[in-house]
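Structure record follows, encoded as structure tokens.
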Amino acid sequence: MIESERMTETFLTLARIDSPSFEEREIAEHLVAELRALGGDAIMDDAGKAVGGNAGNVFARFAGTGRGPAVLLSAHMDTVSPGRGVRPVRDGQRIRSDGSTILGADDKSGLAIILEVLRTLRERHIPHPPIEVVFTVCEEPGLMGAKALHLSRLSAQDGLVLDSGPASSLFVRGPAADRMEITVHGRAAHAGVCPERGLSAIHIAADAIARMRLGRIDHETTANIGLIEGGTAVNIVPDRVTVRGEARSHDEAKLAAQSDHMVRCFHDAAAARSVRAGKEIMQAEIEAKVTRDYNRMKLGEQAPVVQWVLAAARHTNAPVKCESTGGGCDANIFNSHGLRIANLGTGMREIHTTGEYLLLDEFFQTGRVVLSMLQQAASR
Ligand SMILES: [Zn+2]
């Protein structure tokens, strides 16, 4: 019942609107207008202030025309770079960019599916439960829009985020993540005249990282150092370096152990070096900040949304199964507030690269599954 061609056109229109993180205003206004035209009471919230961007999350409620509890449908509006001036190209059964930018199927394919499903329900007078739509800002830099969303706006307890690759994957489990920022405070000195008076923060950080277990730690735990920043000139022993990294695990105890291990490597590296400053022996100081980025996602097979989607998949002959992911998405944030939200793929591939593309067959399949899911929810 989904009009595939129209859904594709909607996607192409959205792909052509620039919406880098923190600059989602244009697409947000476009979407508010679309949702209102579809009968929703759409608004833009004040998350823009909280995240430092020019737009808030878009929120809309559609009254139910059938039975069933309210259902949340969500996708994010922002894209990674290079994402300005996207020229989508239709290439047989896929849509790609012209090669100079990303496509932005992450996550405009999700936005387009939600709009088409709402349009189909309305045109065909299909009974559906109350639907709440959330289009978030700043998902890419760290789920910032979802974190700033006032959950009190939502009455839905169950629903879907459409923000991953294979349409056959319903992600129901995902890791919790910690972010860390560690600053090494050493001691500056002239690198040629008196290096023995210095304590190189870069050397200590390098030693710490060399001691560290990183990458895939085990089947449910990963860790990464992603950014290093420090030093002022080649002839100055650097007195300060800041290192940023993350750890993720499906298991809380393993996550705590990995985060502790990473911080401990810095303390050990600092303890291994010292410098005499007058009568005192000086060692580098370590300033470590570890913060919870998001909590894990863990839905059981009995969660209502899992039941609805699997029933919809059977009904539409779509091969969908429950899976585990190593990634984080807005669903992690919703679920840490007690909601039960899963993440269904839309057909996007090679995301965050200029080779990104959207597989139309999978895109249409998810459109059909989401439409059928709402009918399933209304019939229970
Ligand atoms: Zn995404």
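The values are calculated or read from the model by the stated rules, or taken from the named source; none is laboratory data. Quick caveat, the model's predicted, so the values are computed rather than measured. Positions of Cβ are generated from backbone atoms using ideal geometry, with glycine treated the same way; all protein chains shown enter the neighbour counts. With ligands, DNA and RNA removed, areas are computed over all heavy atoms of the protein, side chains included. Shrake-Rupley method; radii C 1.70, N 1.55, O 1.52, S 1.80 Å.
List of remarks:
- Counting heavy atoms of the protein chains alone, VAL320 has an accessible area of about 20 Å² for a 1.4 Å probe.
- Residue-normalised accessible area of the chain, given per residue in Å² at a 1.4 Å probe: 42 Å²
- Projecting the Cα atoms of GLY104, VAL58, PRO166 onto the charge dipole of the chain, computed from C-beta unit charges around the Cα centre, puts PRO166 farthest toward the positive end.
- Normalised by 2.2 N^0.38 Å, where N is the number of residues, the alpha-carbon radius of gyration of the stretch 201-353 equals 1.47.
- When the charge dipole of the stretch 194-322 is built from unit charges on Cβ atoms (+1 for Lys and Arg, -1 for Asp and Glu) and taken about the Cα centre, the candidate among THR232, ALA247, THR291 whose Cα reaches farthest toward its positive end is ALA247.
- Principal axis extents of the C-alpha atoms in the stretch 47-159 (largest first, rounded to whole Å): 47, 39, 19.
- Magnitude of the charge dipole for the stretch 98-178, about its Cα centre and with charges confined to Cβ atoms of Lys, Arg (+1) and Asp, Glu (-1), is about 340 debye.
- Point-to-point label distance, VAL193-ASN54, nm (Cα→Cβ direction, 7 Å offset): 4.9 nm
- Per residue, the average separation of C-alpha pairs within less than 8 Å and at least 6 apart gives the chain a relative contact order of 23 percent.
- Protein-only accessible surface order, largest first, of TYR294, TYR357 at 1.4 Å: TYR357, TYR294
- The peptide list 102-115, 264-277, 244-257, put in order of mean Cβ contacts within 10 Å with the highest first, becomes 102-115, 244-257, 264-277.
- Annotation note: chymotrypsin sites (Phe, Trp or Tyr not before Pro) in the stretch 1-96 located in DSSP loop regions with a Cβ neighbour count of at most 16 within 10 Å are absent.
- Ordering LEU214, ALA47, HIS185 by Cα displacement along the dipole of the chain toward the positive end leaves LEU214 in first place; charges were set at the Cβ atoms of Lys, Arg (+1) and Asp, Glu (-1).
- The trypsin sites (Lys or Arg not before Pro) found in the stretch 14-60 that occupy coil by DSSP, while having at most 16 further C-beta atoms within 10 Å, are ARG16.
- ³J(HN,Hα), Karplus 6.51/-1.76/1.60, whole Hz, each residue of the stretch 333-348, x for Gly, Pro: 6, 4, 5, 6, 9, x, 6, 10, 10, 9, 10, 9, x, 10, x, 6
- Surface composition of the stretch 1-147: carbon plus sulfur atoms hold 49% of the accessible area, using a 1.4 angstrom probe and ignoring ligands, DNA and RNA.
- Here the stretch 163-266 is described by how far its Cα atoms reach on the three principal axes: 63, 27, 16 Å, from widest to narrowest.
- Extension gain, ALA233 to GLN302: 0.36 nm times the residue separation minus the Cα-Cα distance gives 18.9 nm.
- Kirkwood Rh, angstrom, the chain [1 / mean 1/r, Cα pairs]: 22.4 Å
- Dipole magnitude for the stretch 73-222: about 220 debye, using +1 per Lys or Arg Cβ and -1 per Asp or Glu Cβ, origin at the Cα centre.
- DSSP assigns beta bridges within the chain; of those with both partners inside it, close to 75 percent run antiparallel.
- For the stretch 41-50, backbone phi angles converted through the Karplus equation (6.51, -1.76, 1.60; θ = phi - 60°) give residue-by-residue couplings of 8, 8, 9, 9, 7, 9, 5, x, 5, 5 Hz, Gly and Pro being listed as x.
- ILE236 long-range amide H proximity, modeled H, under 5 Å: ALA191
- The stretch 169-262: relative contact order in percent, alpha carbon pairs under 8 Å with at least 6 residues between: 38 percent
- Helix-only mean residue ellipticity at 222 nm for the chain, each DSSP H run of n ≥ 4 adding -39500 (n - 2.57), per residue, nearest 500: -10000 deg cm²/dmol
- A straight Cα-to-Cα reach below 20 Å connects LYS254 with the aspartates and glutamates ASP178, GLU181, ASP218, GLU220, GLU246, ASP293, residues fewer than 8 places away in its own chain not being considered.
- Computed about its Cα centre, the charge dipole of the chain is approximately 520 debye, with only Lys, Arg, Asp and Glu carrying charge at their Cβ.
- Rounded to 0.05, the FRET efficiency of the ARG273 and HIS219 pair, given R0 = 35 Å and the Cβ-Cβ distance, is 0.45.
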